[in-house]
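The values are calculated or read from the model by the stated rules, or taken from the named source; none is laboratory data. Because the structure is a prediction, the values reported are computed rather than measured. Glycine gets a Cβ as well: all are built from the backbone with ideal geometry, and neighbour counts include every protein chain shown. Side chains are part of the model used for accessible areas, which takes the heavy atoms of the whole protein and leaves out ligands, DNA and RNA. Shrake-Rupley method; radii C 1.70, N 1.55, O 1.52, S 1.80 Å.
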Amino acid sequence: MTLKLPIFPLNTVPFPGAPIQLHIFEERYRLMVGRCIEQRSPFGVVLIRSGSEVNPDDPWFRQQVEAAGGGDPELDRLRRQLGGTTVPHPVGTSAQISIGESTRLDDGRYYIIAQGQRRFRIQY
């Protein structure tokens, strides 16, 4: 069976049946999580083979660096350190958001709890 899942590459993957707690702050993943909640549909979590979980150009991430006293030099260093395209491993776990246990903050970020469901393989 082929199913299209939005993919969330992370440095951890839940086992089927296990919960995962996530802070969703990047705009692209806010949109993804919002759609998954609205449609009550799962998303896929895959382990990162290379690259980074965080995009240093994300506005919220940039704001956090600046609030901590950093600026362009620190962001440039993070870009080099985190750099490169994120490449996932080919097998992951689908996860269903526990809507009653998840929160959308006023600024659009989410704190979610999702339950690992079943393994899947990415088809390229």
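Structure values in brief
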{"read-out": "Some residue of the range 76-90 being at pLDDT 95 or above and either open to solvent by less than 20 Å² (accessible area, probe 1.4 Å) or over 28 Å from Lys4 (Cβ atoms) (or both)", "value": "no"}
{"read-out": "Where a residue in the range 99-124 is over 20 Å from Pro59 (Cβ atoms) and touching a residue at least 12 places away in the same chain (Cβ under 8 Å) and its partner, wherever it lies, is open to solvent by 100 Å² or more (accessible area, probe 1.4 Å) and not in a loop (DSSP other than H, G, I, E, B), with Cβ under 7 Å and at least six apart", "value": "Ser102/Tyr111; Ile113/Gln21; Ile113/Glu101"}
{"read-out": "Condition check for Pro42: in contact with a helix residue (DSSP H, G or I) (Cβ under 6 Å, 6 or more places away or on another chain), at pLDDT 90 or above, closer than 15 Å to Thr93 by Cα and not acidic (Asp, Glu)", "value": "no"}
{"read-out": "The range 101-117, residues that are surrounded by fewer than 15 Cβ atoms within 10 Å (Cβ to Cβ) and either under 14 Å from Ile7 (Cα atoms) or aliphatic (A, V, I, L, M) (or both)", "value": "Leu105"}
{"read-out": "Residue check for Arg49: touching a His at 6+ places or on another chain (Cβ under 9 Å), farther than 15 Å from Ile113 by Cα and open to solvent by 50 Å² or more (accessible area, probe 1.4 Å)", "value": "yes"}
